[in-house]
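The values are calculated or read from the model by the stated rules, or taken from the named source; none is laboratory data. Computed from a predicted model, the values in this text were never measured in an experiment. Cβ sites come from the backbone with ideal geometry, for glycine too, and all protein chains shown count toward neighbours.
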Amino acid sequence: MKKKLFITRKFPPHIVEPLKEFYDIKQWEEEEIVIPREKLLAAVADCEALWVTLADQVDEELLVHAPHLKLVTNLAVGFNNIDIKALRKRGIMATNTPGVLTNTTADFVMGLLLATARRIPESDRYLREGKWKSWYPMQLVGKDVSGSTIGIIGMGRIGQAVARRAKGFDMKILYNNRRRRHEAEEMYGFQYVSLEDLLKQSDFVVIMTPFNDDTVGLIGAEELALMKDDAVLINASRGGIIDENALYETLKSGKLWAAGLDVFEQEPITLDHPLLTLPNVVALPHIGSASLQTRTAMLMLNVKALTAYGQGQTPSNRID
Ligand SMILES: NC(=O)C1=CN([C@@H]2O[C@H](COP(=O)(O)OP(=O)(O)OC[C@H]3O[C@@H](n4cnc5c(N)ncnc54)[C@H](O)[C@@H]3O)[C@@H](O)[C@H]2O)C=CC1
Ligand SMILES: O=C(O)C(=O)CO
């Protein structure tokens, strides 16, 4: 008998199709809309495998509704949407998508940093709104990236890939991480500093840690107050790492120059959010890994895990 798989979103049919060899598949048939919670809770009642996106919460409540569940595969490297401890208690495996999105996300982080520093989205709006009357010296002036100091909080796969790119811009690279990266320090000259020194010394602060109990609210009012008045904060990790109210107040009072945000405490961010009233905030809809090649590779990594499980093997990319 085939195993039962539930997929929480409509994924490209050619990607899902090969899994039919191993699974009876049911799927939420919407591409853009998150499955309503009560429908998800009902759908998992008989499934052994569950394929989710980062917008689905796999928590204690869901597990109570899923007595046959053995595998959860997550279409993301970040797994803060999954209660790993609760899964472990029940002997349920989880997999994610590390590695295949590292370069794409690091490219994007540099793009977001440049866009924020050089006010590119704001300048685009200025032109389209008919405000461009002439060229003048202080028109839409931004901040230099080349030769400045970048501080990366979370020097993992993506953090290191950002740092390597930043070297190409002749940036001085400071980092803070749970453990030191001696090899990278020697190879590239990255410099380990305390979080406090990183915030005080950097022109650009980039957050690339996972979101968990240790990093929730890691950057609040106190930390923002340590940053230079003309510094830029970039977050492409998870929204809850920054206290958004504190960020808004700091930006508004001119104690921080700008912020580039791909992620928010609540996604989608609501259009009445105070941060969206500020011209010096570049706000994007969580597109860090969104290239066709990378999103396909992420889906295929999930397919690989589901295939392995379908064949009775242990899937790779297990979250421990
Ligand atoms: N915006 C987007 O579309 C994307 C966002 N992400 C986010 O990026 C995160 C990082 O991804 P990877 O680099 O692949 O993960 P990783 O696990 O390779 O790197 C995370 C690093 O953060 C460090 N870290 C953890 N807690 C820390 C703390 N309190 N202070 C300082 N460092 C700390 C870890 O030691 C590790 O080196 C993901 O968890 C996800 O949330 C990832 C891909 C795309
Ligand atoms: O992989 C992740 O963690 C993302 O946020 C989207 O790729």
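Of the residues 282, 303, which is out of contact with any strand residue (DSSP E or B) (no Cβ under 6 Å at 6 or more places or on another chain) and either touching a residue at least 40 places away in the same chain (Cβ under 8 Å) or surrounded by fewer than 16 Cβ atoms within 10 Å (Cβ to Cβ) (or both)? If you could, list the steps in order and put the result at the bottom.
Working: 282 fails: out of contact with any strand residue (DSSP E or B) (no Cβ under 6 Å at 6 or more places or on another chain).
One residue alone meets the criteria, 303.
Among the residues of the stretch 121-147, write down those that are in a helix (DSSP H, G or I) and either within 16 Å of ligand 2 (Cβ to nearest atom) or in contact (Cβ under 8 Å) with a residue 60 or more places away in the chain (or both). Break it down into steps so the answer makes sense when it comes.
Kept after step one, since they are in a helix (DSSP H, G or I), are these residues of the stretch 121-147: 121-128.
Selection gives 121, 122.
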_Test for residue 115: is it assigned by TED's automatic domain parsing to the domain that holds residue 202, touching a residue at least 24 places away in the same chain (Cβ under 8 Å), among the small types (Gly, Ala, Ser) and in a helix (DSSP H, G or I)_ = yes
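Checking the conditions here, which among 93, 110 is among the hydrophobic types (A, V, I, L, M, F, W, C), modelled with pLDDT of 95 or more and more than 30 Å from residue 279 (Cα to Cα)? Write out each step before concluding.
Numbers: 110 fails: more than 30 Å from residue 279 (Cα to Cα).
When all the criteria are applied, what remains is 93.
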*Find all pairs meeting these conditions: Cβ atoms under 7 angstrom apart; at least six residues apart or on different chains; first residue within the stretch 91-111 and more than 16 Å from residue 314 (Cα to Cα); second residue aromatic (Phe, Trp, Tyr) and within 10 Å of ligand 2 (Cβ to nearest atom).*
none
*State the number of residues belonging to the stretch 269-299 that are more than 14 Å from ligand 2 (Cβ to nearest atom) and not in a strand (DSSP E or B).*
12
*Which condition does residue 270 not pass, out of (1) out of contact with any His (no Cβ under 9 Å at 6 or more places or on another chain); (2) away from ligand 1 (no atom under 14 Å from the Cβ); (3) under 18 Å from residue 204 (Cα atoms), if it passes all the others?*
(3)
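Of everything in the stretch 158-186 that's of a type in the set (A, V, I, L, M) and at pLDDT 95 or above, which residue is farthest from residue 108 (Cα to Cα)? Before you say what the answer is, go through the steps one by one.
First pass over the stretch 158-186, keeping only residues of a type in the set (A, V, I, L, M): 158, 161-163, 166, 171, 173-174, 184.
Subsequent filtering for residues that are at pLDDT 95 or above retains 158, 161-163, 166, 171, 173-174.
Working: 158: 10, 161: 11, 162: 9, 163: 13, 166: 12, 171: 17, 173: 18, 174: 19 Å.
Per the stated criteria, the residue is 174.
Go through the residues of the stretch 247-254 one by one and say whether even a single one is acidic (Asp, Glu), at pLDDT 95 or above and closer than 23 Å to residue 105 by Cβ.
To start, the set of residues in the stretch 247-254 that are acidic (Asp, Glu) comprises 249.
Filter once more, keeping what is at pLDDT 95 or above: 249.
Keeping just the survivors that are closer than 23 Å to residue 105 by Cβ gives none.
No, the stretch 247-254 contains no residue that is acidic (Asp, Glu), at pLDDT 95 or above and closer than 23 Å to residue 105 by Cβ.
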